[in-house]
Amino acid sequence: MSITVRNVSKRFGNFAALDRVSVDVPGGSLVALLGPSGSGKTTLLRIIAGLEVADEGEVHCAGEDITRQRPGERNMGFVFQHYALFRHMSVLENVAFALRVRGRPESSIQERVRQLLHLVRLDGLERRYPSQLSGGQRQRVALARALAAEPRVLLLDEPFGALDAKVRQELRQWLRHLHDDIGVTSLFVTHDQEEAFEVADQVVVMQRGRVEQTGTPQEVFEHPANAFVMDFLGNVNVFHGRVQSGRARFGSLAYPCPEYQYEEERSAAVYVRPHELEIDRNATGEGSLPARVQHVIAAGSVAKIQVLVADSGQDLAIEMSRERLAELKLQAGDSVYVFPRRAHVFCGEYCI
Amino acid sequence: MSTANQRVLPGFSLSLGYTLFYLTLLVLIPLGACFVKASSLTFDQFWATVWSERACNAYALTFGAAFIAAFVNCLIGLLLAWVLVRYEFPMKRYFDAIVDLPLALPTAVAGLVYASLYVPNGWLGQVLVPLGIEAAYTRLGIVLVLIFTGLPFVVRTVQPVLENFDPEVEEAAASLGATRWQTFRRVLFPGLVPALLTGFALALARGLGEYGSVVFISGNIQNQTEIAPFLIVAKLEEFKYGEATALAIVLLVFSLVLLGLINLLERWSKKHA
């Protein structure tokens, strides 16, 4: 079922956690709320769940205004970062909790719990207690518990945040498959852009209580709406320069930016991703910067090279295929020329 | 490989030695002396002392009153701890401090105050006695002062546990559709049981040994409001030291068995908390 958030604001004392935020979560989709800590993403999730009350604005679920409903009335499954399992209850009792408080008959409870534990691949662990499970298992119990009463929506607050990298990777893909199987509308909070891109259909990028951009992972990565989104979604190299009549100049480089047609010069930041910087042994006309190779990391699926720009003294991170590295035979200390294949130019507003 | 068995924390043998030394000096030797003194009686004398009607009535009263008081303390103490942890109100810190007062106040003072309040012409007595509620010089009075002296134990054991409860667990219960009562009954209360049992055990132990406050309010009427510790003192005043220690030993053994049982219960309830 779809969720619609309209102009929701929330203040904690003097701190504006959310500032007129509007978000649409289409029914059956898997949406990520992505942002750095303090961006208000968890607050938004808690307001949707009813665990926090919005100062202003409305929350709708499948067209129904649920802004004033208590959490229990909303029938939404909530998964906490630190699991929040009931420690004194077995796995079975944890998962059965929502059914027990609803007074469902015992036989149907047993059947449903068995089904859910199969779904989260924890068959046979009914009698265990949370303290006897690993982190990944606990989070899957929490997920089964949240799904028990067939919630209209599943809300996950940094669900894999407390797990180690390997388990996190597995659970991510598993969550995606689970979502494809059961199709429940899901909204999850994360600060890890890789996680958001890998799992979500739609990404909502947030900063300082505002939504900066909404779109598919590819849209926000390829066409960041502003410098913050560009900077937040992966590594970037930033050049400071000036724009005038559709051209950005930085150092000895120029790059076309038709969206900025100012008559007078303005300061601008030019963002280039590491894989969009090219290295060559020889200068390519006017559009390249002389630099010196500092460090070559050839271990990994792509090679990472650190260079120091000769005239500005700026450090740049560059990524290239291992084949290209082998071709160039780069070593620390080599003199090279660097130029961007692609860049994003942002004028004014945001600076790192 | 002499380092293999070394502990990370130094001073184990020294600190253990001190602990055992003081435990022996302050607890075990006096208790042992009790047994030695009691052994001056023959078995028949011993049996006649500890199994007399007067003694049995005193045990029953002591254990009964302490038990009821500890139970009532669990209810009041839980409520008090809940209010102190969960709500903000003016002067909260002072209320919090007052909880410890029964520990600091000489219990004889408490007994005297209770007695003077509940006598027929006392502040509370003049209202309650006409209603048929007589606390001064009755068993009710004994339970009341034991509640007073035992209350801090329950509050102070439950309070930290309540403070450490993860608010997310309650939020999880709420979002899963539990009412406030269901959340308390199914989620919070089971987590409090071990602390409540500890508080119960401490309040009970305190109630069993309580003397000062009780003697002033009970009136010490034989077979009616005479508690076991008073009976022991009465024996001492008659210079019957052997009999006094015999009664003390019975009290001690009962108490140990009872506390042992509560400990087992506590351990069992703690297993998964």
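The values are calculated or read from the model by the stated rules, or taken from the named source; none is laboratory data. Given the structure is predicted, the values throughout are model-derived calculations rather than measurements. Here the Cβ is made from the backbone with ideal geometry for all residues, glycine too, and neighbour counts use every protein chain on show. Side chains are part of the model used for accessible areas, which takes the heavy atoms of the whole protein and leaves out ligands, DNA and RNA. Shrake-Rupley method; radii C 1.70, N 1.55, O 1.52, S 1.80 Å.
Might you work out the accessible area of B:Thr42 for me, using a 1.4 Å probe with all protein chains in place, and round it to the nearest 10 Å²?
80
What are the lysines whose alpha-carbon lies under 20 Å from the alpha-carbon of B:Lys235, with same-chain residues fewer than 8 places away excluded?
B:Lys37
Accessible area, 1.4 Å probe, largest first: how do A:Val272, B:Val27, B:Val36 sort?
The most accessible residue leads, giving B:Val36, B:Val27, A:Val272.
Post the alpha-carbon centroid distance, region B:203-273 to region A:199-243, in whole angstrom.
Cα centroid of region B:203-273 versus Cα centroid of region A:199-243: 73 Å apart.
Looking at this model, which pairs from A:Lys10/B:Lys92; A:Lys10/B:Lys271; A:Lys41/A:Lys166 are more than 31 angstrom apart at the alpha-carbon?
On the way: A:Lys10/B:Lys92 29 Å; A:Lys10/B:Lys271 41 Å; A:Lys41/A:Lys166 25 Å.
In this structure, A:Lys10/B:Lys271 exceed 31 Å between Cα atoms.
Once neighbouring chains are kept in place and the probe is 1.4 Å, which whole percent of the accessible area of region B:42-271 is contributed by carbon and sulfur? Spell out each step's value before the answer.
Numbers: 8190 of 11830 Å².
Looking at region B:42-271 in its full context, I get 69 percent from C and S.
Using R₀ = 56 Å, calculate the FRET efficiency as 1/(1 + (r/R₀)^6) where r is the Cβ-Cβ separation of A:Glu150 and B:Glu88; round to 0.05.
0.90
Once a ≥ b ≥ c are taken as the square roots of the eigenvalues of the Cα gyration tensor of the protein assembly as shown, is the result rounded (a/c under 1.5), prolate (a/b larger than b/c) or oblate (a/b not larger than b/c)?
It is prolate, given that a/c is not under 1.5 and a/b is the larger ratio.
Just from its helices, what would the mean residue ellipticity at 222 nm be for chain B, if runs of 4 or more DSSP H residues each count -39500 (n - 2.57) and the sum is divided by every residue, rounded to the nearest 500 deg cm²/dmol? Let's see the in-between values first.
On the way: 14 runs with 193 residues, N = 273.
Theoretical 222 nm ellipticity from helices: -22500 deg cm²/dmol.
According to the square roots a ≥ b ≥ c of the eigenvalues of the Cα gyration tensor, what is the shape class of region B:45-178, taking rounded for a/c under 1.5, prolate for a/b larger than b/c otherwise, and oblate for the remainder?
Since a/c reaches 1.5 and a/b is larger than b/c, the shape of region B:45-178 is classed as prolate.
Short version: which residues of region A:125-164 lose at least 20 Å² of accessible area, all chains versus chain alone, 1.4 Å probe?
Relative to the lone chain, where solvent access is computed with a 1.4 Å probe, region A:125-164 loses at least 20 Å² at A:Tyr129, A:Arg145.
Need one number: nm distance between label points at B:Ser116 and B:Val233, each 7 Å from Cα along Cα→Cβ, rounded to one decimal.
A separation of 1.8 nm, rounded to one decimal place.
Got a number for carbon plus sulfur as a percent of chain A's accessible area, 1.4 Å probe?
46
Once ligands and nucleic acids are excluded and a 1.4 Å probe is used, how much of A:Ser301 is accessible, expressed in Å² to the nearest 10?
Estimated to the nearest 10 Å², A:Ser301 gives 110 Å².
Taking R0 as 25 Å, what's the FRET efficiency between A:Asp311 and A:Glu264 from their Cβ-Cβ distance, rounded to 0.05?
Computed FRET efficiency for A:Asp311 and A:Glu264 comes out at 0.45.
Among the lysines, select those whose C-alpha is under 17 Å from the C-alpha of A:Lys329, and discard any that sit fewer than 8 residues away in the same chain.
Once the sequence-local lysines are set aside, what remains near A:Lys329 is A:Lys304.
Projected area of region B:121-231, taken from the Cα convex hull and averaged over every viewing direction, in nm²?
Average projection, Cα convex hull of region B:121-231: 9.7 nm².
Given +1 on the Cβ of Lys and Arg, -1 on the Cβ of Asp and Glu, and no further charges, what dipole in debye does chain B carry about its Cα centre, rounded to the nearest 20?
My answer is approximately 400 debye.
Please name whichever of A:Ala227, B:Ser213, B:Ser52 sits farthest to the positive end of the charge dipole of the protein assembly as shown, dipole taken about the Cα centre and charges placed at Cβ: Lys and Arg +1, Asp and Glu -1.
It is B:Ser52.
Using a simple spin-label model with points 7 Å from Cα along the Cα→Cβ vector, what separation in nm is obtained for A:Ser22 and A:Thr216?
Each label point lies 7 Å from its Cα, and together they span 2.4 nm.
With all protein chains present and a 1.4 Å probe, how do B:Arg156, A:Arg114, A:Arg127 order by accessible area, largest first? The partial results should precede the final answer.
On the way: B:Arg156 75, A:Arg114 130, A:Arg127 180 Å².
The ordering from most to least exposed comes out as A:Arg127, A:Arg114, B:Arg156.
Given a 1.4 Å probe and the protein chains all in place, what does the accessible area of B:Ile147 round to, in Å² to the nearest 10?
In the full protein context, B:Ile147 sits at about 30 Å².
Can you tell me how much longer the chain between A:Ala326 and A:Thr284 gets when fully stretched, taken as 0.36 nm per residue apart minus their C-alpha distance, in nm with one decimal?
Taking A:Ala326 through A:Thr284 to full extension adds about 13.1 nm, to one decimal.
Using only helices, what value at 222 nm comes out for chain A when you add -39,500 (n - 2.57) per DSSP H run of length 4 or more and divide by the total residues, to the nearest 500 deg cm²/dmol?
The helix contribution divided over chain A gives -8000 deg cm²/dmol.
May I ask you to rank A:Tyr337, B:Tyr114 by accessible area, largest first, using a 1.4 Å probe over the protein chains only? Please report the intermediate quantities before stating the final value.
Numbers: A:Tyr337 75, B:Tyr114 50 Å².
The ranking, largest first, comes out as A:Tyr337, B:Tyr114.
Tell me which residues come under 5 Å, amide H to amide H, from A:Phe188 once H is placed; ignore anything under 5 positions away on its chain.
A:Val31, A:Ala32, A:Leu33, A:Leu156
Using the alpha-carbon centroid of each, what span in Å lies between region A:280-338 and region B:99-158?
Using only Cα atoms to place each centre, the spacing works out to 85 Å.
Apply the membrane-span-like helix rule to chain A: whole DSSP H runs, Cα extent along the own long axis of at least 15 Å, mean Kyte-Doolittle hydropathy at least 0.0. List the helices found.
A:91-101
Size of the dipole of the protein assembly as shown about the Cα centre, Lys and Arg at +1 and Asp and Glu at -1 on the beta carbon, nothing else charged, in debye to 20? Mind dumping the intermediate values first?
On the way: 58 positive and 62 negative charges, 301 e Å.
Dipole about the Cα centre, nearest 20: 1440 debye.
B:Trp51 to A:Ser108: FRET efficiency via 1/(1 + (r/R0)^6), r the Cβ-Cβ distance, R0 45 Å, to the nearest 0.05?
After rounding, the FRET efficiency stands at 0.15.
Taking amide H positions as placed in the peptide plane 1.01 Å from N, state which residues far from A:Met206 in sequence (5 or more) or on other chains have amide H under 5 Å from it.
A:Leu34, A:Gly35, A:Glu212
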